[in-house]
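Participant: Let me give you the structure first, and then I'll get to my questions.
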Amino acid sequence: MDVSELLDGLNDNQREAVAAPQQNMLVLAGAGSGKTRVLVHRIAWLMQVEQASPHSILAVTFTNKAAAEMKGRVEQTAGGNVFGMWLGTFHGLAHRLLRMHFQEAKLPQSFQVLDSDDQLRLVKRTIRALNLDEKKWPAKQAQWYINGKKDEGLRPKHIDAQFDPTEQTFINIYQSYQDACDRAGLVDFAELLLRAHELWLNHPVLLEHYQQRFKHILVDEFQDTNSIQYAWLTMLGQHQSKVMIVGDDDQSIYGWRGARIENIQRFLKDYPGAETIRLEQNYRSTANILKAANKLIANNNNRLGKDLWTQDAEGEKISIYTAFNELDEARFISGRITAWREENGSLDDVAILYRSNAQSRLLEEALLQAQLPYRIYGGLRFFERQEIKDALAYMRLLNNRDDDAAFERIINTPTRGIGNQTVALIRDAAKSMEVTLWQACKQMLDEQTLKGRSANTITNFINLVDQLEDDSSNLDLDQQVNFVIRHSGLKAMYQAEKGERAQARIENLNELVTACQTFEIDPEQEEELTKLTAFLTHAALEAGEQQADEYEPAVQLMTMHSAKGLEFPLVFIAGLEEGMFPSQQSQEDISRLEEERRLCYVGMTRAMQKLYLCHAESRRLYGQEKYHKASRFLRELPQECVEDIRLQSQVSRPATTGRFSTTFTTETFENSGFSLGQRVLHQKFGEGVVLNYEGAGAQSRIQVNFEQVGIKWLVVSYANLTAL
Ligand code: ATP
Ligand code: MG
């Protein structure tokens with residue numbers, strides 16, 4: 001691309017930023033205003049016009065996906081020559097630095113990066129080695145503590161426990177854990193950043209080298225940097241380099257993980273004279289979508305304040321779909337996507353966004369049923385998640401003691417003191433006796449090859465599994481799974497963990513119970529299979545296949561957190577209900593509520609052409625049908641930008657429950673004066689909930705589920721129902 005082309009696709013403000021003299025700059029602008037585009041063009045400009053060598057450029061993004069995308073865009077814009085440029089996430093760049101200077105960083109050359117699960121395991125071992133009670137000192141909480149401190153740049157010696165014995169214990173765990181990592185040459189994610197920071201601190205010569213080298217530092221999504229990242233950047237860039245940061249305070253959504261929105265203001269203090277450039281034209285979304293998003297975010301306080309406008313046409317209104325229940329919501333979404341495809345829309349252009357990963361299960365099922373390929377980003381598909389696999393492994397073992405894979409998975413989950421050595425012994429025995437692991441255990445116990453503590457722990461495990469089966473085999477499938485999740489200790493294990501991820505795991509386990517509740521065995525198989533076996537087969541199949549091939553167009557499913565920076569022509573946001581989004585935990589804490597609102601802003605502004613916002617009037621949660629109010633975020637949208645499409649078209653009710661077999665249309669229904677899900681009173685049958693409606697005029701009939709007498713069809717004109 002030549003120089004004029006570099007500036008061609010830019011507006012005046014964008015040009016000002018791209019072609020600015022070498023200086024520190026803050027580009028502060030709302031969603032879709034071209035911040036990332038400006039950053040990419042600036043890099044190309046620096047190389048082509050300022051003759052900057054790629055070697056002198058460091059560019060930081062927030063996710064690997066964003067980094068890969070930016071690399072592609074820079075290569076394209078700058079004509080391929082990016083050799084020597086450092087472009088990546090903070091973690092990726094820190095890792096690179098530590099590899100190059102492992103000696104100065106006091107690491108062995110072969111140091112390994114610990115992922116989060118490995119880290120947890122090591123923390124657990126540390127707690128045990130310190131002879132601490134794991135119930136009182138849950139590993140997950142200790143991990144959270146350690147990472148939090150590292151994100152603030154603190155080593156144990158920097159932390160003042162102020163005679164707080166609880167904190168003192170956490171400090172001890174932190175110290176021992178760190179010693180173990182150092183001995184083994186292991187580096188966790190937070191440690192990458194902290195070490196890289198310390199590398200600068202302890203080696204001024206090295207720091208100076210990089211200060212001189214990286215004359216240009218550019219950071220995207222700056223609003224989500226945490227303290228240690230900020231400190232690292234500042235050390236590197238404050239003297240000789242020119243720093244360009246790009247961000248949007250309204251899109252700060254990682255406060256719960258230590259991100260500091262204040263870093264934007266701090267930057268202006270630390271870099272006096274930095275120029276602030278605002279971009280106000282949005283190029284992504286239609287006017288309706290943009291206006292609604294602007295109005296929504298205006299409800300937050302303490303914003304830096306921005307006006308966003310677009311030349312784009314008004315576009316279609318945002319559709320708000322009020323689903324009868326969660327199945328209806330999922331079916332509605334898949335229905336609309338099918339229609340999109342039929343009109344030659346590409347599935348790659350469609351995204352379904354949600355607040356928490358547990359929501360994906362129903363959506364996945366609806367997509368599978370509609371034969372729409374999909375891909376899940378930043379998370380595993382429902383039946384592949386760790387906690388779900390754990391729970392299902394118990395069910396599999398209950399179903400079949402010889403299921404070795406299930407056995408191995410749960411023999412020591414939750415931990416019950418069965419060490420790797422004992423498991424290895426059992427494995428060997430099973431192999432030489434040519435029996436399954438379960439059988440090997442039994443034989444070894446009979447023959448007393450297992451002794452002492454191992455014999456006890458294995459006996460306990462075998463009894464536990466037998467007992468679980470005895471106590472639960474008469475229960476309905478959902479009750480049985482619920483029982484097993486609780487009495488196996490799985491639930492307690494996850495409850496003891498802290499943080500959003502643990503919360504998500506509990507939600508997923510509850511969702512599994514709901515899945516069992518609504519699962520219906522194919523009548524043709526009813527004779528041959530138990531419901532449990534049928535369900536396990538269903539789960540295994542769903543886990544194994546159907547993930548769209550890499551190059552096949554596919555609907556993208558992800559949380560709103562993972563959608564940051566991305567854009568799609570057609571976007572659905574599911575589950576806009578009080579207690580889901582905004583989440584229950586944020587209801588009483590204004591700053592958390594505002595972070596939820598920012599998240600909603602991020603979600604909505606991913607949409608280019610068409611946005612659907614969905615919520616369900618009733619949702620099965622934790623095995624119970626709950627009625628949720630629509631999210632306050634929906635009420636905060638301007639009326640003129642939205643349309644209510646409740647039951648506008650013919651909606652066929654999900655067949656899975658067997659209840660919703662007929663169809664109905666809005667007009668007939670509205671004329672009746674009743675609505676789906678509404679509670680009504682009948683003189684003889686008592687109270688009930690409206691399930692369905694059909695026909696028109698004098699013949700119209702209504703279906704009600706009465707608490708006392710069950711489901712009945714009634715002719716509206718005779719039934720004399722009172723709305724409650
Ligand atoms: P976010 O805050 O969501 O990260 P952003 O500010 O980084 O958004 P970009 O992703 O850079 O915005 O741009 C949004 C869309 O607008 C992209 O498709 C981009 O190509 C397009 N765009 C940006 N500037 C212009 C322009 N001047 N002319 C035409 N299209 C533009
Ligand atoms: Mg961006």
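Participant: With Glu167, Glu208 as the choices, which residue is without any contact (Cβ under 8 Å) to a residue 24 or more places away in the chain and closer than 22 Å to Arg257 by Cα? Steps first, answer last, please.
Facilitator: Values: Glu208 fails: closer than 22 Å to Arg257 by Cα.
From the options Glu167, Glu208, the qualifying one is Glu167.
Participant: Quick one: Asn456 ticks every box in (1) under 37 Å from the mean Cα position of the chain (by Cα); (2) free of Cβ contacts under 8 Å to residues at least 40 places away in the same chain except a single one, so which number is it?
Facilitator: It is condition (1) that Asn456 fails.
Participant: For the range 394-435, which residues satisfy the criterion of being hydroxyl-bearing (Ser, Thr, Tyr) and within 15 Å of Leu464 (Cβ to Cβ)? Explain how you work it out, then say what you get.
Facilitator: At the first step, the residues of the range 394-435 found to be hydroxyl-bearing (Ser, Thr, Tyr) are 394, 413, 415, 422, 432.
Passing the criteria: Tyr394, Thr413, Thr415.
Participant: Hey, another quick one. Counting only residues that are within 16 Å of ligand 2 (Cβ to nearest atom) and either among the hydroxyl-bearing types (Ser, Thr, Tyr) or surrounded by fewer than 22 Cβ atoms within 10 Å (Cβ to Cβ) (or both), which one in the range 565-577 is nearest to Ala323 (Cα to Cα)?
Facilitator: Ranking the candidates gives Glu567 first.
Participant: Going through the range 224-246 one residue at a time, which ones are modelled with pLDDT of 95 or more and within 16 Å of ligand 1 (Cβ to nearest atom)?
Facilitator: Met244, Ile245, Val246
Participant: Please go through the range 578-630 and give me each residue that is among the small types (Gly, Ala, Ser) and surrounded by 24 or more Cβ atoms within 10 Å (Cβ to Cβ), ordered by number.
Facilitator: Of the residues in the range 578-630, the ones among the small types (Gly, Ala, Ser) are 579, 583, 586, 591, 603, 607, 616, 618, 623, 630.
Scanning the range 578-630 gives Gly603, Ala607, Ala616.
Participant: Is it true that some residue in the range 22-31 is more than 16 Å from ligand 2 (Cβ to nearest atom) and surrounded by fewer than 18 Cβ atoms within 10 Å (Cβ to Cβ)? First the steps, then the outcome.
Facilitator: From the range 22-31, those more than 16 Å from ligand 2 (Cβ to nearest atom) are 22-24; that's our starting set.
With the extra rule that they be surrounded by fewer than 18 Cβ atoms within 10 Å (Cβ to Cβ), the set shrinks to 22-23.
Within the range 22-31, one or more residues are more than 16 Å from ligand 2 (Cβ to nearest atom) and surrounded by fewer than 18 Cβ atoms within 10 Å (Cβ to Cβ).
Participant: Check whether at least one residue in the range 682-689 is of a type in the set (Lys, Arg), at pLDDT below 75 and assigned to a loop (DSSP other than H, G, I, E, B), and report yes or no.
Facilitator: So the first thing to find is which residues in the range 682-689 are of a type in the set (Lys, Arg), and the list is 684.
If we keep only those that are at pLDDT below 75 too, we end up with none.
Checked the range 682-689: no residue is of a type in the set (Lys, Arg), at pLDDT below 75 and assigned to a loop (DSSP other than H, G, I, E, B).
Participant: What's the number of the only condition in (1) away from ligand 2 (no atom under 13 Å from the Cβ); (2) farther than 24 Å from Thr276 by Cα; (3) in a helix (DSSP H, G or I) that Glu16 fails to meet?
Facilitator: (2)
Participant: Taking into account only those residues within the range 585-612 that are at pLDDT 95 or above and hydroxyl-bearing (Ser, Thr, Tyr), which is farthest from ligand 1 (Cβ to nearest atom)?
Facilitator: Tyr612
Participant: Say we look at the range 570-592 and pick out the residues that are of a type in the set (A, V, I, L, M) and touching a strand residue (DSSP E or B) at 6+ places or on another chain (Cβ under 9 Å); which of these is farthest from Arg632 (Cα to Cα)? Step through it out loud before you land on a result.
Facilitator: Of the range 570-592, the ones of a type in the set (A, V, I, L, M) are 570-571, 573-574, 576, 580, 590.
Narrowing the set further to residues that are touching a strand residue (DSSP E or B) at 6+ places or on another chain (Cβ under 9 Å) leaves 570-571, 573-574, 576, 580.
Working: Leu570: 23, Val571: 20, Ile573: 14, Ala574: 14, Leu576: 8, Met580: 11 Å.
Filtering first and then ranking leaves Leu570.
Participant: OK, next. For Ile261, state whether it is more than 24 Å from Phe568 (Cβ to Cβ) and either without any contact (Cβ under 8 Å) to a residue 40 or more places away in the chain or within 13 Å of ligand 1 (Cβ to nearest atom) (or both).
Facilitator: Details: more than 24 Å from Phe568 (Cβ to Cβ): yes; either without any contact (Cβ under 8 Å) to a residue 40 or more places away in the chain or within 13 Å of ligand 1 (Cβ to nearest atom) (or both): yes.
Answer is yes for this residue.
Participant: Test His615 against the criterion of being more than 27 Å from Asp249 (Cβ to Cβ) and either at pLDDT 95 or above or outside the structural domain of Pro553 (by the TED database) (or both), and give yes or no.
Facilitator: Values: more than 27 Å from Asp249 (Cβ to Cβ): yes; either at pLDDT 95 or above or outside the structural domain of Pro553 (by the TED database) (or both): yes.
In short, yes.
Participant: Continuing with this model, one more query. Do we have Asn294 as outside the structural domain of Lys35 (by the TED database), under 27 Å from Phe581 (Cα atoms), part of a helix (DSSP H, G or I) and not hydroxyl-bearing (Ser, Thr, Tyr) here? Steps first, answer last, please.
Facilitator: Details: outside the structural domain of Lys35 (by the TED database): yes; under 27 Å from Phe581 (Cα atoms): yes; part of a helix (DSSP H, G or I): yes; not hydroxyl-bearing (Ser, Thr, Tyr): yes.
Spelling it out, Asn294 is indeed outside the structural domain of Lys35 (by the TED database), under 27 Å from Phe581 (Cα atoms), part of a helix (DSSP H, G or I) and not hydroxyl-bearing (Ser, Thr, Tyr).
Participant: Also, I was wondering about something else. Give the residue, chosen from Ala78, Ala68, Ala17, that is more than 13 Å from ligand 1 (Cβ to nearest atom) and crowded, with 21+ Cβ neighbours inside 10 Å.
Facilitator: On the way: Ala68 fails: crowded, with 21+ Cβ neighbours inside 10 Å; Ala17 fails: more than 13 Å from ligand 1 (Cβ to nearest atom).
Just a single option satisfies the conditions, and that option is Ala78.
Participant: Does Leu46 fit the bill of being more than 16 Å from ligand 1 (Cβ to nearest atom), in contact (Cβ under 8 Å) with a residue 24 or more places away in the chain, outside the structural domain of Arg606 (by the TED database) and not polar (S, T, N, Q)? Break it down into steps so the answer makes sense when it comes.
Facilitator: On the way: more than 16 Å from ligand 1 (Cβ to nearest atom): yes; in contact (Cβ under 8 Å) with a residue 24 or more places away in the chain: yes; outside the structural domain of Arg606 (by the TED database): yes; not polar (S, T, N, Q): yes.
Taking the combined requirement at face value, the residue satisfies it.
Participant: Within the set of pairs 6+ apart or on separate chains, which have a first residue in the range 480-493 that is of a type in the set (Phe, Trp, Tyr), a second that is part of a loop (DSSP other than H, G, I, E, B), and C-beta atoms under 7 Å apart?
Facilitator: Phe483/Leu475
Participant: Would it be correct to say that Lys295 is basic (Lys, Arg), surrounded by fewer than 18 Cβ atoms within 10 Å (Cβ to Cβ) and either within 16 Å of ligand 2 (Cβ to nearest atom) or within 21 Å of Met235 (Cα to Cα) (or both)?
Facilitator: no
Participant: Among the residues of the range 42-78, which ones are of a type in the set (Val, Ile, Thr), modelled with pLDDT of 90 or more and outside any helix (DSSP H, G or I)? Give the steps one after another, and end with the answer.
Facilitator: Step one: list which residues in the range 42-78 are of a type in the set (Val, Ile, Thr), which gives 43, 49, 57, 60-61, 63, 74, 77.
Going one step further and asking which of them are modelled with pLDDT of 90 or more, we end up with 43, 49, 57, 60.
Answer for the range 42-78, where residues must be of a type in the set (Val, Ile, Thr), modelled with pLDDT of 90 or more and outside any helix (DSSP H, G or I): Val49, Ile57, Val60.
Results for (1) of a type in the set (S, T, N, Q); (2) buried (at least 20 other Cβ atoms within 10 Å of the Cβ), shown as yes or no for each residue.
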{"position": "Phe163", "(1), (2)": "no, no"}
{"position": "Gln178", "(1), (2)": "yes, no"}
{"position": "Val205", "(1), (2)": "no, no"}
{"position": "Ser241", "(1), (2)": "yes, yes"}
{"position": "Asp248", "(1), (2)": "no, yes"}
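Participant: Turning to a different aspect of this structure: Kindly indicate which of Leu39, Leu97 is away from ligand 1 (no atom under 12 Å from the Cβ), touching a residue at least 40 places away in the same chain (Cβ under 8 Å), surrounded by 17 or more Cβ atoms within 10 Å (Cβ to Cβ) and assigned to a helix (DSSP H, G or I). Give the derivation first.
Facilitator: Working: Leu39 fails: away from ligand 1 (no atom under 12 Å from the Cβ).
The match here is Leu97.
Participant: Can you tell me how many residues in the range 369-422 are of a type in the set (A, V, I, L, M, F, W, C), at pLDDT below 85 and in a helix (DSSP H, G or I)?
Facilitator: Within the range 369-422, the first condition is being of a type in the set (A, V, I, L, M, F, W, C), and the residues that meet it are 370, 372, 376, 380, 382-383, 388, 391-393, 395, 397-398, 405-407, 410-411, 418.
With at pLDDT below 85 added as a condition, the list becomes 376, 380, 382-383, 405-406.
Filter once more, keeping what is in a helix (DSSP H, G or I): 382-383, 405-406.
The total comes to 4.
Participant: Something else now. So how many residues does the range 119-138 have that are part of a helix (DSSP H, G or I) and either without any contact (Cβ under 8 Å) to a residue 24 or more places away in the chain or farther than 19 Å from Pro414 by Cα (or both)?
Facilitator: Just the residues of the range 119-138 that are part of a helix (DSSP H, G or I), to begin with: 119-129.
Next, from what is left, pick out any that are either without any contact (Cβ under 8 Å) to a residue 24 or more places away in the chain or farther than 19 Å from Pro414 by Cα (or both): 120-121, 128.
Total meeting the criteria: 3.
Participant: Of all residues being in a loop (DSSP other than H, G, I, E, B) and among the hydrophobic types (A, V, I, L, M, F, W, C) in the range 449-497, which is nearest to Leu512 (Cα to Cα)? Just the residue, please.
Facilitator: If we filter the range 449-497 for residues that are in a loop (DSSP other than H, G, I, E, B), which is where we start, we get 449-451, 473-476, 488-489, 496-497.
Now drop any that are not among the hydrophobic types (A, V, I, L, M, F, W, C), which leaves 450, 475, 496.
On the way: Leu450: 36, Leu475: 16, Ala496: 19 Å.
By that ranking, first place goes to Leu475.
The values are calculated or read from the model by the stated rules, or taken from the named source; none is laboratory data. All of these numbers come straight from a predicted model, not from anything done at the bench. Reconstructed Cβ throughout: ideal geometry from the backbone, glycine too, with neighbour counts over all protein chains shown.
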